[in-house]
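The values are calculated or read from the model by the stated rules, or taken from the named source; none is laboratory data. Given the structure is predicted, the values throughout are model-derived calculations rather than measurements. We place every Cβ from the backbone using ideal geometry, glycine too, and count neighbours over all the protein chains shown. Quick note on the areas: whole protein, heavy atoms, side chains included, nothing else; ligands and nucleic acids left out. Shrake-Rupley method; radii C 1.70, N 1.55, O 1.52, S 1.80 Å.
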Amino acid sequence: MRKTIALAATLALALSAAGASFAAAPCRDAKGKFIKCPAAAAPAKPVKCKDAKGKFAKCGTPGAKPVA
């Protein structure tokens, strides 16, 4: 029973260590060498508009101006 538990613990430790090394640098070039991953572009923030009274309004309505 002890041998089975020790074997299972050793196997789990080995698999977790192997998984961590692959997760460190997932990007590779055409030749299979590890490279720095390209930076992903951040999604653009939605534009919010306010009317003349200062309340939020749809940007297509007359008198609505974009807020920075």
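General observations
- Any hit, region 9-27, residues being at pLDDT 80 or above, exposed (fewer than 10 other Cβ atoms within 10 Å of the Cβ) and among the hydroxyl-bearing types (Ser, Thr, Tyr): no
- Boolean, Lys33 is modelled with pLDDT of 90 or more and open to solvent by less than 100 Å² (accessible area, probe 1.4 Å): no
- Where a residue in region 51-63 is in a loop (DSSP other than H, G, I, E, B) and its partner, wherever it lies, is aliphatic (A, V, I, L, M), with Cβ under 7 Å and at least six apart: Asp51/Ala57; Asp51/Ala64; Lys58/Ala64; Cys59/Val47; Gly63/Ala52
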